[in-house]
Amino acid sequence: MTPDQYCQQKAAQSGSSFYYSFLFLPPERRRAITALFAFCREVDDVVDECTDVGVARVKLAWWRNEVGEVYAGAPQHPVAQALVPVVRTFNLPQPRFQEIIDGMEMDLTQHRYADFAALKLYCYRVASVVGLLSAEIFGYSNPDTLKYAENLGMAFQLTNIIRDVGEDARRDRVYLPLDELARYNVSVSDIMHARESGGFRRLMEFQIERALGYYRDAFRLLPAADRKAQRPGLIMAAIYQTLLDEIRADGSKVLTQRTSLTPLRKLWIAWLTWIKS
């Protein structure tokens, strides 16, 4: 298996909506974004699959070194090997990859967020930075496109947080800001024990509106000249906004279930968005 084949398999097996946004890209850009996505999956898996924090830290430290080897041209891991031509062709800054690892490392020790400012830093590292790297791969002519990419990454991560409230709670993680829980009279214990209430539903409506606000800001900031190049992000946004609609229509029952779209529906949304953008 070649490094590119390994990355393709990693992306396809993940079942992520991101995979569908890559399908219509030209081969070189598709290989590049698939390698970036595979890197994110690898470092995220370290945090999610390692029960020993010390072991996870060692593995993340190994990945930090491996990122350095990507830029030196001698990495060991197939994902890192696939990234070597990508970082050169698309001039991807090395510190961005380290920022992604910084965000993943936050999950090892921080399972609660006092307020949105604290959560926003986490979202920036694990999602907005990925958006910024993706924008480089897709191509742009106007630097305002980077502002679009940063906001879109934030919107995606907030959508993930909304979808995964119950699943994260079962891992002892609560990403909803604690001051906002208090504002809606929802306790951490309510989240951990899946106790739904009117306050919880209002809290989730607030979270959904915030996420939608980031989508609106992203679309507003995207220069018309770069819209076609950035279509993969628009595809992802269409899929994720549909997911938010489903969660809202279902009464935000995210404590006990994980709302998802079928692969066929994602593909249909992706195709429609591609031809319309």
Find the Cα radius of gyration of region 192-235, compare it with 2.2 N^0.38 Å by division, and give the number to two decimals.
-> 1.74
Between 159, 34, 109, find the one with the highest GNM mean-square fluctuation for the chain; connect C-alpha pairs within less than 10 Å.
-> 109
Distance check, please: which entries in 10/253; 147/266; 59/120; 228/266; 120/253; 59/228 exceed 28 angstrom between their Cα atoms?
-> 10/253; 59/228
Short version: what are the Cα gyration tensor semi-axes of region 92-210, square root of 5 times each eigenvalue, largest first, in whole Å?
-> 30, 16, 10
Give me the accessible area per residue for the chain, probe 1.4 Å, as a whole number in Å².
-> 44 Å²
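Give me the percent of the accessible area of region 74-229 that comes from carbon and sulfur atoms, probe 1.4 Å, all protein chains in place.
Values: 3270 of 6470 Å².
Accessible surface attributable to carbon and sulfur in region 74-229 totals 51 percent.
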Could you tell me the largest-minus-smallest coordinate of the C-alpha atoms of region 15-67 on each of the three principal axes, in descending order and whole angstroms?
-> 41, 23, 7
Compute the Kirkwood hydrodynamic radius of region 1-147, taking the inverse of the mean of 1/r over all pairs of distinct Cα atoms, and give it in Å to one decimal.
-> 15.8 Å
How many nm separate the modelled label positions at residue 72 and residue 187, each set 7 Å beyond the Cα in the direction of the Cβ?
-> 5.3 nm
At residue 44 and residue 110, where each label point lies 7 Å from the Cα along Cα→Cβ, what is the point-to-point distance in nanometres?
-> 1.8 nm
Environment charge of residue 16, counting only residues whose C-beta is closer than 11 Å and scoring Lys/Arg +1, Asp/Glu -1 = +2
Considering the chain as a Gaussian network with a 10 Å cut-off on Cα pairs, which listed residue, 50, 123, 40, attains the greatest mean-square fluctuation?
-> 50
Running Debye on the chain with equal point scatterers at the Cα sites and no solvent, what base-10 log of I(q)/I(0) appears at q = 0.09, 0.12, 0.14 Å⁻¹?
-> -0.41, -0.75, -1.04
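With a sphere of radius 14 Å drawn around the Cβ of residue 77, what net charge do the other residues whose Cβ falls strictly inside it have (Lys, Arg +1; Asp, Glu -1)?
On the way: positive: 10, 41, 59, 64; negative: 4, 42, 45, 66, 69.
Overall, the nearby charge balance is -1.
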Based on the Kirkwood radius over alpha-carbon pairs, what value in µm²/s does the Stokes-Einstein equation return for the translational diffusion coefficient of region 153-265 at 20 °C and 1.002 mPa s?
-> 144 µm²/s
Which angle between 0 and 90 degrees, to the nearest 10, do you get for helix 198-221 versus the longest principal axis of the chain when only C-alpha atoms count?
-> 30 degrees
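The values are calculated or read from the model by the stated rules, or taken from the named source; none is laboratory data. Since the structure is predicted, the reported quantities are computational estimates derived from the model, not experimental observations. Glycine also receives a Cβ, built like all others from the backbone with ideal geometry; neighbour counts cover every protein chain displayed. When the accessible area is computed, the model is the full protein with side chains, heavy atoms only, and any ligands, DNA or RNA have been set aside. Shrake-Rupley method; radii C 1.70, N 1.55, O 1.52, S 1.80 Å.
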